[in-house]
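Beneath this line is the structure, given in structure tokens, with notes to follow.
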Amino acid sequence: MKKLMLICMAALLSLTVLAAGCGGGDKKPASSGGSGGSAKVLRVGTNADFAPFEFQDVNGKEYEGFDMDLIRAVAKEMGYKADIQNINFDGLIPALESGNLDLIISGMTINDERKQKVNFSDPYYKSGLTIIVKKDNTAIKKFSDLAGKKVAVQIGTTSAKEVRKINGVEVKELNSSADTFMELKAGGVDAVVNDRPVNDYYIAKSGVKDVRALDELLTSEDYGMAMSKKNPDLQKEVNAALKKLHENGEYDKIYKKWFGEAKK
Ligand code: GLN
């Protein structure tokens, strides 16, 4: 009987020691996993195939571009760290609505249709749509010439919406702007329509010699960062940070880095 009690006590003792041991081992993840001192995380969604606004560097690791620098600066100003996730453009608003993202920055045009679903920040960049064709294509000189032609656009974008309005046009909706350029190169379409700075950057940087952008600007569009309607405080914080970056010259610095001149 005594022996049994002793065994029980010994077992209990070793359990206690084990538990204490575990407790000690627990300390590390508990403190690093808690909020202890590190910046809060802002979950940012982008479609990183839209140079010079968002793209991955040659090693495919870092997200680069005007939007990426801007959101990092905005997040820093707000005391957050931006955690950037790469998502298809047409999946960005659904991801925000389902609570998987806090904010979208993706060269996204502010329009009424999107305003039904999200809150936009103040405008941060002025854009519009242009056409790219092969240099030897003399039939297409302006948007109305796209009637009856095959045109590649990125799915879910303002380009897709605007080009569909043209009579008899055959629209090919592809996943990214890079895909639209490849389609033109491969001869699958007569033209592509994208945001002007993206078309211009492609012509300047891709090394492709046999294409040209047309002058006509179809629309005037403002880019905004999108946030959930459930979080109006975040919209206020972002606008305040954006204002600060305009005042302290940081916005102009980032603008110059990507577009070579200070914003007019
Ligand atoms: N500005 C366009 C839009 O909002 C295209 C954006 C994009 O392709 N990233 O629809």
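Counting only strands (runs of 3 or more DSSP E) that fall entirely inside segment 196-258 and contain at least 2 residues that are more than 16 Å from the ligand (Cβ to nearest atom) and not hydroxyl-bearing (Ser, Thr, Tyr), the qualifying elements are 211-213.
Looking only at segment 144-166, which residues are free of Cβ contacts under 8 Å to residues at least 60 places away in the same chain and of a type in the set (S, T, N, Q)? The answer is 144, 159. Listed by first and then second residue, the pairs with beta-carbon distance under 9 Å, at least 6 apart or on different chains, first residue in segment 40-56 and at negative phi, second away from the ligand (no atom under 14 Å from the Cβ) and among the polar types (S, T, N, Q), are 43/85; 43/100; 44/85; 45/85; 45/100; 46/85; 48/56; 49/56. More than 10 Å from the ligand (Cβ to nearest atom), touching a residue at least 12 places away in the same chain (Cβ under 8 Å) and not aliphatic (A, V, I, L, M), is that true of residue 65? Yes, satisfied. Within the option set 91, 60, 99, being under 30 Å from residue 261 (Cα atoms) and either of a type outside the set (Val, Ile, Thr) or under 12 Å from the mean Cα position of the chain (by Cα) (or both) holds for one residue only, 60.
Going through segment 170-208 one residue at a time, which ones are basic (Lys, Arg), out of contact with any Lys or Arg (no Cβ under 7 Å at 6 or more places or on another chain) and more than 20 Å from residue 46 (Cα to Cα)?
Scanning segment 170-208 gives 185, 205.
None of 76, 81 is among the basic types (Lys, Arg) and outside any helix (DSSP H, G or I) except 81. Can you tell me which residue in segment 109-123 is surrounded by the fewest Cβ atoms within 10 Å (Cβ to Cβ), limited to those that are more than 19 Å from residue 255 (Cα to Cα) and away from the ligand (no atom under 14 Å from the Cβ)? Restricting to residues being more than 19 Å from residue 255 (Cα to Cα) and away from the ligand (no atom under 14 Å from the Cβ), the top hit is 116.
Condition check for residue 163 on (1) away from the ligand (no atom under 15 Å from the Cβ); (2) more than 17 Å from the chain's Cα centre (by Cα): one failure, at (1). When we screen 126, 142 for residues that are closer than 18 Å to residue 67 by Cα and either away from the ligand (no atom under 16 Å from the Cβ) or exposed (fewer than 15 other Cβ atoms within 10 Å of the Cβ) (or both), the only hit is 126. Scanning segment 75-108 for residues that are small (Gly, Ala, Ser) and crowded, with 17+ Cβ neighbours inside 10 Å yields 75, 82, 106, 107. Going by the structure shown, is residue 60 on the phi > 0 side of the Ramachandran plot and within 16 Å of the ligand (Cβ to nearest atom)? Spelling it out, it is not the case that residue 60 is on the phi > 0 side of the Ramachandran plot and within 16 Å of the ligand (Cβ to nearest atom). Being within 16 Å of the ligand (Cβ to nearest atom) and among the charged types (D, E, K, R) is the filter; apply it to segment 19-57 and report the residue that is modelled with the lowest pLDDT. Only one residue tops the list, namely 49.
The values are calculated or read from the model by the stated rules, or taken from the named source; none is laboratory data. Quick caveat: nothing in here was measured; it's all calculated off a predicted structure. In this analysis, Cβ positions are derived from the backbone assuming ideal geometry, glycine residues included, and neighbour counts consider all displayed protein chains.
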